[in-house]
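Derivation of every value follows stated rules applied to the coordinates shown; laboratory data play no part. Everything numeric here is computed off the predicted structure, so don't read it as measured data. Virtual Cβ from ideal backbone geometry, glycine too; neighbours counted across all protein chains shown.
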């Protein structure tokens, strides 16, 4: 073990794909392990892999690696016939071994391994004994809640007729049984917790390769318990385990794959999954019904980030789990409702209320995120009937009110592209904070006030003045709170991040209390709302939910104004106009009226890597560096982000049509934006965030209350700072107004067409 880092130092023999694609990334992601060396009989391959993964040492033979005193353990993914041979050599050199299955292909080989183990650890690399799904299966079996096991059936197959593949080479230990037959055997021994008493089998031997290409077997585990399995290397890809018990059954369905076989056949497997937990309970109709029927949960298991591998597959599972949470219809059984908690953002209590679990004007007002965010697709906007009611956060109260003077109606906003908006806000916030720090440093050094413009990504937030005594004058800042944190979400720009949004919304709208704000660490209670359910949402649940929202594909622009001629230009050239041409001219008119002074056509983003949790979350929300783990997702590699392009400096062009500022957009002349009865988080009634316009063609109705039916109406509702642009639009000829509206209607959410 490395005495400095206290990590296990691994040496890997072979540059095989299983190592480079799975084991090496896992070791690199581990908090308890580090890669010390890699070896290959082709030293150039070892050096190439070492360079790729920044492994300190590369050897041209396995023996050299075994002699390295800075290595504690060896990972052996060699062909089957070499497992025992090189494991023995490594054991003799004093190394611990993690050996790929099977550990040997002859009894004599395994006896030789046993002879040299001594005080070292030799482990066969079966994930079954460590995987959450099989721990859950064993737990269910041991609990007897589903009765005694009667039988286990396994089918595992794939297609491989490559004569050069070691699975088809007899001397290398090829064949279906050695390659995949060991899985049903291991699973059954793990679940039955004993050894088989009788075995019978039939094999189909490939006439060319002389290895078993299909094998079926029956294992008798005594007490009426049987394992039957078939493994094949000449069938379409299929993997399934069925465990038959008295009161139902357990079924494990592996991750689906779609792979062409001889360019004709396809394997289409149906898969149910939940971040590694792949077990589905199936009730036997002729037996006693399970005790929890009628008390079901909307999602099968909470997410423990410590148990999630943060590779591409693990992150995809997290996003999938987040989608399931977003679409879940929460029940009282899992904690929906908040009888003793208010809707305040900070944890506060009231006497237990007799208010129903769902009560529109005070919340909880929904049992599902997708119940409101559903137009035109999951994560989108919502119709007027999906409006939420947001309680104020800046007054003291110990009740949830139904008085419209003390609650505010809000339309549902779309979340497509929200991850990019948060990344923009993070970069802009970091730049504003740097300006503040520079001003303070210069003021102290110069012993006089220093004023600096607050300019980031070409958006001005006014200026601040730093004094030599360390105080700051914020009297000239514009469109931002004095904390200089860009808050890209909510109509009043008071929500800092998707995590902040999710944690708050889960409590306010569903009555599901996330443990990071309402749990033991923050409140000293595991059941803050006193509904009998503890830890209703884990850190992992919130992270998954946030990642799903962050990876929702951003809206698209049907036409690109930068590559189109205007209709008038085409008319002069005698060419026919198209809808795209009218949209291009509409954007030019949009800009000419001054609408783009707030609805900035695009902002430039330096990095599309979304890390969760983020750096600027408020108290009661995990921040970067807190909690179990930080998860990073490169949004540029996610489906649906392909249309986001770089400029010649490598910056990403984000066409969100917003400056992410707060503006006064209501005045006495037109009160349709000034109909708030009270302030929200100290933001005056007439001030709102510049709404991003991407996707606006898919998200009617409009306005902060969702009560404005058309794009023309909402433009004419603008006042305050937007009055001049509104008047310019109103003065346009009808044909030009229609071109602006046509342009806006081209800004759509994917799959909305």
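At a 10 angstrom cut-off on C-beta neighbours, averaged per residue, how do the peptides 380-388, 540-548 rank from highest to lowest?
Numbers: 380-388: 18.9, 540-548: 27.0.
Descending mean neighbour count gives 540-548, 380-388.
As a proxy for reagent exposure, 500, 643 were ordered by neighbouring Cβ count within 10 angstrom, fewest first; the result is 643, 500.
Compare the peptides 702-714, 226-238 by average per-residue count of other Cβ atoms within 10 angstrom and give them in order, highest first.
Working: 702-714: 18.1, 226-238: 20.0.
Most protected by this proxy first, the peptides run 226-238, 702-714.
Test of understanding: ordering 522, 694 by Cβ neighbours within 10 Å, fewest first, what list do you get? Can you show the working numbers first?
On the way: 522 17, 694 26.
Lowest to highest Cβ neighbour count: 522, 694.
Could you calculate the FRET efficiency of residue 54 with residue 151 from 1/(1 + (r/R0)^6), where r is the beta carbon distance between them and R0 is 60 Å, rounded to 0.05? Could the numbers behind the result be given before it?
On the way: r = 49 Å, r/R0 = 0.82.
Efficiency, rounded to the nearest 0.05: 0.75.
Counted residue by residue at 0.36 nm each, then reduced by the alpha carbon distance between them, the extension gain from residue 526 to residue 44 reaches 167.9 nm.
Each of 24, 205 has some number of other Cβ atoms within 10 Å of its Cβ, and from fewest to most they run 205, 24. Computed extension length for residue 85-residue 138: 15.7 nm, one decimal, from 0.36 nm per residue of separation with the Cα-Cα distance subtracted. Could you tell me what percent of the DSSP beta bridges with both partners in the range 8-125 are antiparallel, to the nearest 5? So the antiparallel bridges amount to about 0 percent of the total.
If I take R0 = 30 Å and measure r between the Cβ atoms of residue 591 and residue 642 in this structure, what FRET efficiency does the formula 1/(1 + (r/R0)^6) give, to the nearest 0.05?
Working: r = 26 Å, r/R0 = 0.87.
Efficiency for this residue pair is about 0.70.
For an R0 of 41 angstrom, estimate the FRET efficiency from the Cβ-Cβ distance between residue 471 and residue 728 and round to the nearest 0.05.
Values: r = 41 Å, r/R0 = 1.00.
Efficiency for this residue pair is about 0.50.
Note on the range 679-753 and the range 315-353: Cα centroid distance 32 Å, given to the nearest whole angstrom. With a cut-off of 16 Å on the backbone N, the residues of the range 139-175 near the modelled label site 7 Å out from residue 193 along Cα-Cβ are 139-150. In percent, rounded to a whole number, the relative contact order of the range 418-473 is 29, using alpha-carbon pairs under 8 Å and six or more apart. Taking 7 Å steps out from each Cα toward its Cβ at residue 626 and residue 452 produces label points 2.6 nm apart.
Using C-alpha pairs below 8 Å separated by at least 6 residues, the relative contact order for the range 8-125 is 23 percent.
With a ≥ b ≥ c the root eigenvalues of the C-alpha gyration tensor of the range 101-238, is it rounded (a/c under 1.5), prolate (a/b larger than b/c) or oblate?
Values: a/c = 1.90, a/b = 1.29, b/c = 1.47.
In terms of gyration-tensor shape, oblate.
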